[in-house]
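The structure appears below as C-alpha cells.
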Amino acid sequence: MMISARMYQYRVPLVRPLPLKSHRISDREGLLIQFTDELNRIGWGEIAPLPGFSIESLEEARVCSARACHTLRGSELPEPAVLLERGIESILGYACPSSVTFGVESAILTLWSLVRGIEVRRFVNEWAPDAIPVNGLLTGSTATVTELAKRMVADGYTALKLKVGAESVEAEIEKTKAVRSVVPSQVKFRLDANQACDFDTAVRFGRAVNGLELEYIEEPLSDSARLEQFHDQTGLVYALDESVMKYSAEEWGDREGLGAVILKPTILGGVAAAYRLARRAEEMGVKPIISSSFESSVGTVTLANLACALAPDAASGLDTLSWFADDLLINPVRTMAGRLNISGYEAFRTVVRTDLLKAMTAR
Ligand code: OSB
Ligand code: MG
C-alpha cells in the first residue's frame, strides 16, 4: 500500500479555561495528519502536545511530523501487527516526540482499519468491545464538584475522579468527604493530586480520607520516590501517572501499594509503547488505565480503541471531550451514561470537519 501524506492544524476553543501545571489554556491546538492510499481511503492521526505535560512544543512536533510524512510518502506502510510490535520509530529509523509517534501510528492504523474492514481495537485484541466506561472528571469548588458528581451518578457513571491538591489540606479533605457523601459505594472513587503535595501534607490528607473507600490516588507526592512509604503510612493505594516512565515497568510488580498505572499514549511514546506497557502491567497484576491528554475527538477515538482493547473492564481516563466547545468530527463523540461508545467511528474520511482545519505544507 503506497500512501500520500498531508498535515493540518486545528485550534478549538474550550468551554472553560483548562488549568494545567503552570498556566491555563482556553484553546486546544494541535495537528492532524492524513494518509491517503491509491484508492482514496484515508487514515487520520492527531498530534497535540499538551503544554506542561508534553516535553515537546507544537512547533517541534510539527517539524518531526513533516519529516515523518516525508519519509512515509510513497512508501509501503507497515502491517498493523508489525507496527504494534515494533513501533513506528524503528521503521522510520529516527526518534520522534511522543505526540508524533502517537499520531503517525494512529493514522497508519486507521487507514489499515478501512483497508481491512477491521476496527483498530481488533488489531490489538480481537475480543475488544465497542464501548468502555470512563471516569467522570471533577474539578472546581466543593459546590461545583458535588453538583457534578450527583449529576454523573444519576447519569450512570461507574467511576469518578476528583482533582485534589490545589487548596489547603483541610479544604481538600472536606471536599473529598463531600463528594464521597454523594457518591454511592458501588461507584468507584479516584483522586488525582498531580504531585502537588510534600510528604507530610500528603500523609495528613491520606490518613483523613483513608476510610472513604477510594480506589486509588494518582501521584499524591511531588517526590514520587516516597510513594511506597506514603502507602505504608496511610494505607492508601496509589497510581503512577506523571512518574510512570521514571520506574522501569519491570519494577511495577514489586511496588507495595501500587494499584494502577495511568497510561497516556500521547505522552509515553505512542500506540505501540502503550500496548507494550499495558501488557507488562497486566503480567505484573497492576491495572493499566488508558487516559487522554485532552486530545480532540480524532485522537480520543484512537485512545478509546486502545482502552477497549487493552483495559476493557477498567474505567478509562477519557472523559475529556466535554471541555471542547467544538468537535473535529461531524458526529461528535459523546459520553453516554458514563461510557464512550466508538462503534461507527472508524471511517473518519466522511466525518472530519475539514472546515475547522488549516492546511499546512508538509515540506
Ligand atoms: O492529571 O491525569 C492527569 C489530562 C492531561 C494531563 C494530565 C491529566 C489528565 C487527565 C485526563 O486527568 C483525564 C483522566 O485521566 O481522567
Ligand atoms: Mg493524573
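Values in this text are rule-based calculations from the coordinates and carry no lab data. Everything numeric here is computed off the predicted structure, so don't read it as measured data. Positions of Cβ are generated from backbone atoms using ideal geometry, with glycine treated the same way; all protein chains shown enter the neighbour counts.
Structure values in brief
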| read-out | value |
| --- | --- |
| The chain - mean residue ellipticity at 222 nm from DSSP helices (-39,500 (n - 2.57) per run, n ≥ 4, rounded to 500) | -10500 deg cm²/dmol |
| Antiparallel DSSP beta bridges within the chain, percent to nearest 5 | 55 percent |
| Contour minus Cα-Cα distance for Ser4 and Ser57 (0.36 nm per residue) | 16.5 nm |
| Phi-based couplings in Hz for region 219-234 (Karplus 6.51, -1.76, 1.60; Gly and Pro marked x) | 6, x, 10, 5, 9, 5, 5, 9, 5, 5, 5, 4, 4, 4, 8, 10 |
| For Met152, Met245, Met336, order by how many other beta-carbon atoms lie within 10 Å, fewest first | Met336, Met245, Met152 |
| Amide H partners (placed H, <5 Å) of Ser316, local residues excluded | Val134, Asn135 |
| Sequence-separation-based contact order of region 124-349, relative, with Cα cut under 8 Å and 6+ spacing, percent | 24 percent |
| Whichever lysines have a C-alpha closer than 16 Å to that of Lys246, once near sequence neighbours (fewer than 8 apart) are set aside | Lys264 |
| Cα gyration tensor category, rounded, prolate or oblate, for region 25-110 with a/c compared to 1.5 | prolate |
| Reachable lysines, given that their alpha-carbon falls under 20 Å from the alpha-carbon of Lys177 and they are not under 8 places away in the same chain | Lys150, Lys161, Lys163, Lys188 |
| Pair Asp200, Glu251: separation of 7 Å Cα→Cβ label points (nm) | 2.6 nm |
| Theoretical gain in end-to-end length, Glu228 to Lys21 [0.36 nm per residue, Cα-Cα removed] | 72.1 nm |
| Cα pair distances exceeding 24 angstrom across region 65-196, given as percent | 54 percent |
| For the chain, diffusion coefficient by Stokes-Einstein and Kirkwood Rh (Cα), 37 °C, 0.692 mPa s, µm²/s | 158 µm²/s |
| Residues Glu283 and Lys358, FRET efficiency given R0 of 41 Å [Cβ-Cβ distance, rounded to 0.05] | 0.40 |
| The chain, dipole about Cα centre (Lys/Arg Cβ +1, Asp/Glu Cβ -1), debye to the nearest 20 | 840 debye |
| Rounded Å value of the spacing that divides the Cα centres of region 259-320 and region 40-90 | 18 Å |
| Average projected area [Cα convex hull, region 193-315], square nanometres | 7.4 nm² |
